[in-house]
Amino acid sequence: PVGIKIAGPDLKVIQGLGQQLEQIVGKVQGASSVYAERVAGGRYVKVDIDRLKAARYGLNIADVQAVLATAVGGMDVGQTIEGRERYPINLRYPQSYRDSVANLELLPLVTPKGERIALADVARVYISDEAPMLRSENARLNGWVYVDIRDRDIGSFVAEAKAEVGKQLVLPAGYALTWSGQYEYMERAKARLAYVVPLTVAIIVLLLYLAFRRFQEVLLILTTLPLAVVGGIWTVWLLDFNLSVAVGVGFIALAGVAVETGVLMLVYLNHAWDDLVARGRPTLQGLHDAV
C-alpha cells in the first residue's frame, strides 16, 4: 500500500535511514508491518588484480580474469543433443579448487613463458560486504521501505507518517525520501479528479441548458446535487468506507444519477403544467392535483 524510497549516494547510509524509518513509521497508528530493505548486507568474494605484479609475469588483466571465469564460472566447450533437447557442456575446476578464499588464492596461472604461479602472486582475494542487489532511480541509488496498513485509509496514514518522519528523522545532505506505492497512484488520481469533477459539472450544466434553454430550470435541477452529495457522505460514513479513488468516481456517478432524476421530474412537471394550460386551469393547486 505504501512505499518509501530513499535515494542517495551511499548504500550504508541508505540502509541506516531505512532502519530509522522502520522505528518511526512502525509506531504510527494503522501500520501493521514496516520493513526496510537491507541494501548493504551481501557478501562477495573480490579479486583485486595488481597490474604491476601481473605485468612482471607478462600477464594482463584479461588473462587473469579469463582464468577466474573458467575456474569459478565455467566455460561452455560444447553441446549435447538428446532428441529435440540441447544441453551445454560446461567445464570448470573441481569444487575443492574454489570453495574458499584460501583455495582461490592457490589457483594456478600459466605465464607466457610457461611458468606456473598462483593467483595470490598477482591479486588480492578477500571477502567484502556489498549490496545484495542494486536499485537505482533517476541515476541515484535507492533503498525501499515497505509499509502495510490495517484499519485505516492511506491518505490520513501517510499524512501522519510524514509529520512524524519530519519531526524525528534528519536527512543528511544529498539524500531524499519519496512516498510511493498505492499512495502515489492515489495522489495521481486525486490530481486528475481535481479537474475532472469541475469539468463534469460544467458538462452537466451545458447539457441541461441545451435541453431546457432556461437558466432557472438548470439551477433548479442543480440544487439536487448538494443534497445527493450529503446523502452519499452519510452513506460512506455509515458503511465505514475509506475515501478512495473508487469513492470519488462513485460521487461523479451519483451526480449524474441525481441530475437525471431531476430532469425526469422537471420534464414531467412541465408536461403536467402544459396540460393544465391547455385545459384552462393553470394554477399550482391544479398542478398539485395533477401530480
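If you count, for each residue, the other Cβ atoms within 10 Å and average over each peptide, how do 259-267, 41-49 line up from highest to lowest? Display every interim value, and only then the final one.
Numbers: 259-267: 15.6, 41-49: 13.0.
Taking the mean over residues of other Cβ atoms within 10 Å, the ranking is 259-267, 41-49.
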Using a cut-off of under 18 Å, list every residue of segment 213-246 whose amide N is near the label point 7 Å from the Cα of Val197 along the Cα-to-beta-carbon line. 222-238, 241-246
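Over all pairs of distinct alpha carbons, what does the Kirkwood formula give as the hydrodynamic radius of segment 1-93, in Å? Kindly include the intermediate steps, with their values, before the conclusion.
Details: mean 1/r = 0.0539 Å⁻¹.
About 18.5 Å for segment 1-93.
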If a paramagnetic tag sat 7 Å from the Cα of Leu220 along the Cα-Cβ line, which residues of segment 246-269 would have the backbone N under 16 Å from that point? 259-269
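Quick one: with all protein chains in place, what share of the accessible area of the chain is carbon or sulfur, to the nearest percent (1.4 Å probe)? Before the final figure, lay out the partial values.
Values: 11110 of 18900 Å².
Roughly 59 percent of what the probe reaches on the chain is carbon or sulfur.
Net charge within 14 Å of Gly74 by Cβ-Cβ distance, Lys/Arg positive one each and Asp/Glu negative one each, not counting Gly74 itself? List each step's numbers first, then the result.
On the way: positive: Arg92, Arg98; negative: Asp76.
Result for the neighbourhood of Gly74: +1.
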Between Leu91 and Glu187, 0.36 nm times their residue separation minus their Cα-Cα distance comes to what? 29.1 nm
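Would you kindly calculate the mean projected area, averaged across all directions, of the convex hull enclosing the Cα atoms of segment 105-189, in square nanometres? Write out the running numbers ahead of the final one.
On the way: hull surface 44.2 nm².
Convex hull of Cα atoms, orientation-averaged projection: 11.0 nm².
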If you average 1/r over every pair of different alpha-carbon atoms in segment 187-240 and take one over that average, what Kirkwood value in Å do you get? 12.9
Per residue, how much accessible area does the chain have with a 1.4 Å probe, in Å²? 65
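Could you tell me what a quarter of the Cα convex hull surface of segment 223-264 works out to, in nm² with one decimal place? Don't skip to the end; give the middle numbers.
Numbers: hull surface 11.1 nm².
Average projection, Cα convex hull of segment 223-264: 2.8 nm².
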So what's the angle, to the nearest 10 degrees on a 0 to 90 scale, between helix 182-212 and the longest Cα principal axis of the chain? 30
Taking every other residue with Cβ under 15 Å from the Cβ of Glu164 and scoring Lys and Arg +1, Asp and Glu -1, one gets +2
Inter-label distance, nm, simple model (7 Å from Cα along the C-beta direction), Ala163/Lys53: 6.0
With no solvent and one equal point scatterer placed on each C-alpha of segment 136-249, evaluate the Debye formula and give log10 I(q)/I(0) for q = 0.15, 0.17, 0.23 Å⁻¹, two decimals. -0.88, -1.01, -1.37
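The values are calculated or read from the model by the stated rules, or taken from the named source; none is laboratory data. Only a predicted model underlies this, so the values are computations on that prediction, with no experimental measurement involved. Note that we place each Cβ from the backbone using ideal geometry, even for glycine, and neighbour counts take in every protein chain shown. For accessibility, only protein heavy atoms count, side chains too; no ligands or nucleic acids. Shrake-Rupley method; radii C 1.70, N 1.55, O 1.52, S 1.80 Å.
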